[in-house]
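A.B. asks: One structure, pasted below without further comment.
Bear in mind that the values in this text are calculations on the coordinates, not laboratory data. Predicted model only: the values in this text are computed from it and were never measured. We place every Cβ from the backbone using ideal geometry, glycine too, and count neighbours over all the protein chains shown.
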Amino acid sequence: MSPGISVGDFIAVGELAWRLYQDCYRIARGAPHEFRVLVDELKTLYMTMKLFGDELKDPDSVLVKAGEERLQMVKDLLEKVKQVLKGLNDSFNKHRKLGDVTRKGLKAMWDQFQWARYAKDVDGLRNKVGAQTSASGWL
């Protein structure tokens, strides 16, 4: 196995994906369809990171036996996934209040308007997460 990539790298990125999944899942009620799809993508990404980590643990796995070039590709992919998740985390923290179901009246209507404005950003983030999940299948 390459000294530049470890099971711990996948665990850390997987934990970030799982935490984001849980946070986003909590506020998905009342969110646009794009956001709910993003939540599903995060769950898939978490499971993908778990599978990659398991592959690296097995010295007989196809991934480990594929050689340094393939492991470098995986390392590059992992870094991209981490950057996308960090951006998503920043965006989530910025818009966290949108999931507050206790808001009523004008505040609730304002939140629905904000969701509509935020939907384009969410769709872009979802596409980035989905692209990373899809790219991992090529490796």
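A.B. asks: So in region 65-93, with the set limited to residues that are over 19 Å from residue 46 (Cα atoms) and among the acidic types (Asp, Glu), which one is surrounded by the fewest Cβ atoms within 10 Å (Cβ to Cβ)?
C.D. replies: Among them, the one singled out is 69.
A.B. asks: I've got another one for you. Considering only residues of region 68-81 that are under 14 Å from residue 10 (Cβ atoms) and among the charged types (D, E, K, R), which is nearest to the chain's Cα centre (by Cα)?
C.D. replies: 80
A.B. asks: Out of region 49-88, which residues are touching a helix residue (DSSP H, G or I) at 6+ places or on another chain (Cβ under 6 Å) and polar (S, T, N, Q)?
C.D. replies: Matches in region 49-88: 61 only.
A.B. asks: Could we say that residue 65 is touching a residue at least 40 places away in the same chain (Cβ under 8 Å) and over 14 Å from the mean Cα position of the chain (by Cα) here? Even if it seems obvious, please write down each step before you answer.
C.D. replies: Values: touching a residue at least 40 places away in the same chain (Cβ under 8 Å): no; over 14 Å from the mean Cα position of the chain (by Cα): yes.
Considered against the rule, which asks whether it is touching a residue at least 40 places away in the same chain (Cβ under 8 Å) and over 14 Å from the mean Cα position of the chain (by Cα), residue 65 comes out as no.
A.B. asks: If the Cβ limit is 6 Å and pairs must be 6+ apart or interchain, which residue in region 17-31 that is under 23 Å from residue 48 (Cβ atoms) pairs with which residue that is among the charged types (D, E, K, R) and part of a helix (DSSP H, G or I)?
C.D. replies: 21/43; 28/36
A.B. asks: Among the residues of region 1-50 satisfying the criterion of being among the small types (Gly, Ala, Ser) and not in a helix (DSSP H, G or I), which is surrounded by the most Cβ atoms within 10 Å (Cβ to Cβ)?
C.D. replies: Of the residues in region 1-50, the ones among the small types (Gly, Ala, Ser) are 2, 4, 6, 8, 12, 14, 17, 28, 30-31.
Right, trim to not in a helix (DSSP H, G or I) and you get 2, 4, 6, 28, 30-31.
Working: 2: 15, 4: 11, 6: 15, 28: 16, 30: 15, 31: 21.
Step by step, filter region 1-50, then rank; the result is 31.
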